[in-house]
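Here's the structure, in structure tokens; my notes come after.
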Amino acid sequence: MTVEQIAEVRAQYLVDASSSSVPVGYKKTEAGIIPDDWIATTIGDVTAWLSGGTPSRERLDFWQGNIPWISGSTLKTLEISTSDQHLTFEGVNAGSKMAPLNSTLMLVRGSALHSEIRAGLVVERVCFNQDVKALIPKPDVLPKFLTIYILAMESELLKLVSSAGNSAGVLDTELVKKFKFLKPSISEQTAIANALSDVDALIQELEKLIAKKQAIKTATMQQLLTGRTRLPQFAHHPDGRKKGYKPSELGEIPEDWEVLVYGDVFTFLSTSTNSRADLSDSGDYGYIHYGDIHTKWNNKLDLSKSTIPRISSELVNSDFIENGDIIMADASEDYAGIGKSVEVINVHANKVVAGLHTFLLRDKSKVYVDGFRGYLHCIPAVKTTFDRLATGMKVYGISKNNLFVVPIPVPPREEQVSITSMLSEMDLEIQALDQRLNKTRQIKQGMMQELLTGKTRLVKPAEPA
């Protein structure tokens, strides 16, 4: 099923059940207006429940089997078949429990419950721990439909989550059992499950394709940005001899590349010290938060396409960002984020400042071409230097003095242009796939709201008796 076909489902089958009056073929229940041939019941009424457990960790022989043991950390997919930990039959009998095939495993305790509901359909032999419950559907409930229904009700089920003493989320099982369950006929459950499974399959394929493209881009960056692989037009001297390599602070680099340091190339400008608490929708200036650098953008920040927070002009006294400037996050909760940078483009007439925990760097002599600067932190030897110079315990950071002396390679400008062009094309391709993935997820969300409430019917409604 394509995105276009999925988008047509709603228009093709929509029955307007949103008006104040009850439409023909529908009835009013405590759970809302539903089709006449549906039953409004509860999750507890259509399922039986089993609890899992964890055998002794001191018995290593219990943990050397081939039965996947499911915990909150491995309960992440629609279909459950494997795990990173395995038990023997003795281990299962000593403290865990086997999950019946076609049962739904549901996380009821764990930190993930503060932001998401985790549930999956058991399709292979697995056991599970005490933070997970197995819901066994009655014969008139399709197992996959039950799993999809629970996942679709995420926003409402999250309201039932409370906090335990160690900050773990707890989903009250008694409240879940009383939670509404709208039950169509088995044939309609099957049609709904199949339609939503088609969308899930498309989403998974897009995710795999994006991951593959990102892996190719990462490998390409590591080759081109280090000079280990040269584009053909830069690999040879005019007389045809292949160009060689020379030793440097960054390891071996092409003989016609230079090595400078951040302090030689960039002017360090002033940044704002305000936190998110000072931001407002009506602020005069754009404000780039270090957390957004970690999570929202890769290599480049296009201000013509990105929405950023705002801050009042009265609260800041720092330099404004110009096209080509680099904003670097100087702090991170893990080593992976140390030195993460974006190059800013399309500033136009906007007045934008860099925020707390950032460096604002300007290429004072235009050593690098536009677009290339945002990739500097991706060079393995540069990133290794960031990690070596970083300090901190729970949060890691790099100081301005340390950043001054971090070495960076400088290829010839023509080669910079070609490398930037190739990487930018890869970025655009990945961005297009990301947009398609987001659109498909939105379509799926809309389909779930329509199909699981009966507003959209995929089978002909049953004739009244």
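State yes or no: is I43 closer than 19 Å to L175 by Cα and touching a helix residue (DSSP H, G or I) at 6+ places or on another chain (Cβ under 7 Å)? Before the answer, list the steps.
Numbers: closer than 19 Å to L175 by Cα: yes; touching a helix residue (DSSP H, G or I) at 6+ places or on another chain (Cβ under 7 Å): yes.
Yes.
Has region 180-193 got any residue that is closer than 18 Å to Q445 by Cα, of a type outside the set (K, R) and in contact with a Lys or Arg (Cβ under 6 Å, 6 or more places away or on another chain)? Yes, that holds for at least one residue. For region 421-444, the tally of residues that are of a type in the set (S, T, N, Q) and farther than 21 Å from K296 by Cβ stands at 1.
Listed here are the residues, each with its yes/no results for (1) closer than 16 Å to Y149 by Cα; (2) surrounded by 14 or more Cβ atoms within 10 Å (Cβ to Cβ); (3) under 16 Å from the mean Cα position of the chain (by Cα).
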site	(1), (2), (3)
S424	no, yes, no
L428	no, no, no
R436	no, yes, yes
G446	yes, yes, no
Q449	yes, no, no
T453	yes, yes, no
V459	no, yes, no
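Does D387 satisfy being modelled with pLDDT under 90, under 22 Å from I253 (Cβ atoms) and charged (D, E, K, R)?
On the way: modelled with pLDDT under 90: yes; under 22 Å from I253 (Cβ atoms): yes; charged (D, E, K, R): yes.
Here the answer is yes, as D387 does meet what is asked.
Among the residues of region 3-40, those that are modelled with pLDDT of 55 or more, assigned to a loop (DSSP other than H, G, I, E, B) and farther than 22 Å from L175 by Cβ comprise S20, S21, V22, P23, V24, G25, D36, D37, W38.
Would you say F372 is over 30 Å from Q204 (Cβ atoms), in contact with a Ser or Thr (Cβ under 6 Å, 6 or more places away or on another chain) and touching a residue at least 40 places away in the same chain (Cβ under 8 Å)?
Details: over 30 Å from Q204 (Cβ atoms): yes; in contact with a Ser or Thr (Cβ under 6 Å, 6 or more places away or on another chain): yes; touching a residue at least 40 places away in the same chain (Cβ under 8 Å): yes.
Spelling it out, F372 is indeed over 30 Å from Q204 (Cβ atoms), in contact with a Ser or Thr (Cβ under 6 Å, 6 or more places away or on another chain) and touching a residue at least 40 places away in the same chain (Cβ under 8 Å).
Scanning region 235-279 for residues that are of a type in the set (K, R), in contact with a strand residue (DSSP E or B) (Cβ under 8 Å, 6 or more places away or on another chain) and either touching a residue at least 12 places away in the same chain (Cβ under 8 Å) or surrounded by 15 or more Cβ atoms within 10 Å (Cβ to Cβ) (or both) gives a single hit, K243.
Report the residue count in region 51-102 for those that are of a type in the set (A, V, I, L, M, F, W, C) and assigned to a loop (DSSP other than H, G, I, E, B). The total comes to 3. If you scan region 307-339, which residues turn out to be under 24 Å from V265 (Cα atoms) and at pLDDT 90 or above? Selection gives S318, D319, F320, I321, E322, N323, G324, D325, I326, I327, M328. Here M422 meets each of (1) in a helix (DSSP H, G or I); (2) without any contact (Cβ under 8 Å) to a residue 40 or more places away in the chain with one exception, condition (2). Of the residues making up region 336-348, just one is more than 17 Å from F359 (Cα to Cα) and either basic (K, R) or in a helix (DSSP H, G or I) (or both), namely A336.
Inspect region 144-159 for any residue being in a loop (DSSP other than H, G, I, E, B) and touching a strand residue (DSSP E or B) at 6+ places or on another chain (Cβ under 7 Å) and give the result as yes or no.
Checked region 144-159: no residue is in a loop (DSSP other than H, G, I, E, B) and touching a strand residue (DSSP E or B) at 6+ places or on another chain (Cβ under 7 Å).
The values are calculated or read from the model by the stated rules, or taken from the named source; none is laboratory data. Remember, predicted model here, so these are calculated numbers, not experimental data. Cβ coordinates were reconstructed from backbone atoms using ideal geometry, including for glycine residues, and neighbour counts include every protein chain displayed.
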